[in-house]
């Protein structure tokens, strides 16, 4: 089992999500719940495609932290 960082972004028309360690693995949807489902499916599909093509599965290296700034 691997864990991948997923970045979620609120957009004017809904939500977007991408996986920094899996280039090209992205999803968009009108709701956060839907984009969560789509990116989960997208990660599975992306990894299956890499395996079928004989490519290595990328290591999960990305990290995230929320930083608070007083200004």
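Which of the peptides 16-23, 60-67 is most tightly packed, and how do the rest follow, judged by the mean count of other Cβ atoms within 10 Å per residue?
Output ranking for 16-23, 60-67: 16-23, 60-67.
Output the direction-averaged projected area (hull surface divided by four) of the convex hull of the alpha-carbon atoms of the chain, in nm².
Computed as one quarter of the Cα hull surface, the answer is 6.1 nm².
Note the full-extension length gain between residue 67 and residue 53 as 0.36 nm times their separation in residues minus their Cα-Cα distance, in nm to one decimal. Walk me through the numbers on the way to the answer.
Working: separation 14, 0.36 × 14 = 5.04 nm, distance 3.90 nm.
This chain segment gains 1.1 nm when fully extended.
Suppose R0 equals 25 Å; then what is the FRET efficiency for residue 38 and residue 5 from their Cβ-Cβ distance, rounded to the nearest 0.05? Can you show the working numbers first?
Working: r = 17 Å, r/R0 = 0.66.
Efficiency, from the Cβ-Cβ distance: 0.90.
Using only the alpha-carbon atoms, how far is helix 32-52 inclined from the longest principal axis of the chain? Give it as 0 to 90 degrees, nearest 10.
30 degrees
Determine the calculated [θ] at 222 nm for the chain from helices alone, applying -39500 (n - 2.57) to every DSSP H run no shorter than 4 residues and normalising by the residue count; nearest 500 deg cm²/dmol.
Values: 1 runs with 21 residues, N = 71.
It lands at -10500 deg cm²/dmol.
Test of understanding: in a Gaussian network model of the chain with alpha carbons linked when under 10 Å, which of 54, 14, 24 would top the mean-square fluctuation ranking?
Highest fluctuation of the listed residues: 54.
Throughout, read-outs are computed from the coordinates displayed, never taken from laboratory work. In this text, all values refer to a predicted model and were calculated from it rather than measured experimentally. Note that we place each Cβ from the backbone using ideal geometry, even for glycine, and neighbour counts take in every protein chain shown.
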